[in-house]
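For reference, the structure discussed in these notes is given below.
What follows is calculated from the coordinates using simple rules that are stated; it is not laboratory data. In this text, all values refer to a predicted model and were calculated from it rather than measured experimentally. Every residue, glycine as well, gets a Cβ built from its backbone with ideal geometry; the counts of neighbours run over all protein chains shown.
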Amino acid sequence: MDSRLLGLLFVTLVIGQRIVIVNANGHKIVGVNAVFGLPPPEGPGVMFSPVLFDPISACSPSSLTYTRNDAVIVKRGSCTFGQKAEITQTSGAGAVVVVNDEDSAFAMTSNSSWNPNNILALMVGSADFKYLQEAVDKKVSLSIHSYSPPGFDFSIIALFLMAVGTVFVGAYWSARPERALAAGVQVAPDRDIPPEEISYLGVAGAFCFIIVASIGLVTLFFFINFLIYLLIIMFVLSGGSALILCFAPLARKYLPSLDKEIALPLLGSTELIHFILMFPCYAFAIVWACLRNASFAWIMQDSKISNTSFNLTDW
């Protein structure tokens, strides 16, 4: 379920309206039906022929005649929603799709001057107009039906187990020195995280961290469109580093011949294991960045987040 559908689900449940799904040429459009007019159909949906209403504002009668099988597409503005719906209803259309001037949708209302009670009316975001236009050009029918949320979403269980498992594994891993000391075994310092790179926060430091993090979140809220690529770069760097730190102990255990230091130009002395792991780990993070919108990218993303969480717990 995408974030837009979740947001619309919350809003429409509060005001009592239904989410409407419009399948246009293989693209799923999420809209909200109006307070007035016919309710959205249940089940597999009703097929409509998409047509651009003339005039597109639908604030004056059309010289054309439409049928109950037509879903006319109009744009918001110049007159009320009720007037648009009644004019399209009078023209004979069975449904009217109002395209908002913003990439969002809400339940349209009407005053008592208009009574569009025999037409299915819904609103979609501005970004969806191109898909509707494409359906009109290709003469592809629209399938319109209401969205009914499942009684229970089993993905909640997977997310819960993933979150609890991440905390459990991270805590177990970070406590390995204490377990060794309890068993009377002397523990060597962590070679991947030297003591000089560990910071200990007191009360004042924790308070400052909260203030700085809050400012950062507010900044992201207002400037996310400008900072999104900076965040992606930071996530690639942190995710790649976290993968190296997680796999380095395993590489030392099963590939002891690689447990040595090498001298690199400009970089100085570094561990051979870190140098070798750098290539696949950062390549994994870069591939995620390139394919982050793919349906399977969440697996790569969550694996990096888990590794980062393990290391933060260890620190």
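Observations
- Potential lengthening between residue 217 and residue 298 on full extension [0.36 nm per residue; Cα-Cα distance subtracted]: 26.9 nm
- Estimated FRET transfer efficiency when R0 is 22 angstrom, pair residue 133-residue 103 (beta carbons, to 0.05): 0.90
- Per-residue extension of 0.36 nm, minus the Cα-Cα distance of residue 153 and residue 204, leaves a gain of 14.2 nm for this segment.
- What the Cβ-Cβ distance of residue 168 and residue 263 gives, at R0 = 35 Å and to the nearest 0.05, is a FRET efficiency of 0.30.
- The overall shape of the chain is prolate: from the C-alpha gyration tensor, with semi-axes ordered a ≥ b ≥ c, the ratio a/c is 1.5 or greater and a/b exceeds b/c.
- Arranged from fewest to most other beta-carbon atoms within 10 Å of their beta carbon, 123, 300, 108 become 300, 123, 108.
- Dipole moment magnitude, nearest 20 debye, the stretch 24-148 about Cα centre, only Lys, Arg, Asp, Glu C-beta charged: 140 debye
- Scanning residues 5 or more positions from residue 19 or on other chains, those with amide H under 5 Å from its amide H are 147, with H placed 1.01 Å from N in the peptide plane.
- Rounded to the nearest 20 debye, dipole of the chain from Cβ charges on Lys, Arg, Asp, Glu: 440 debye
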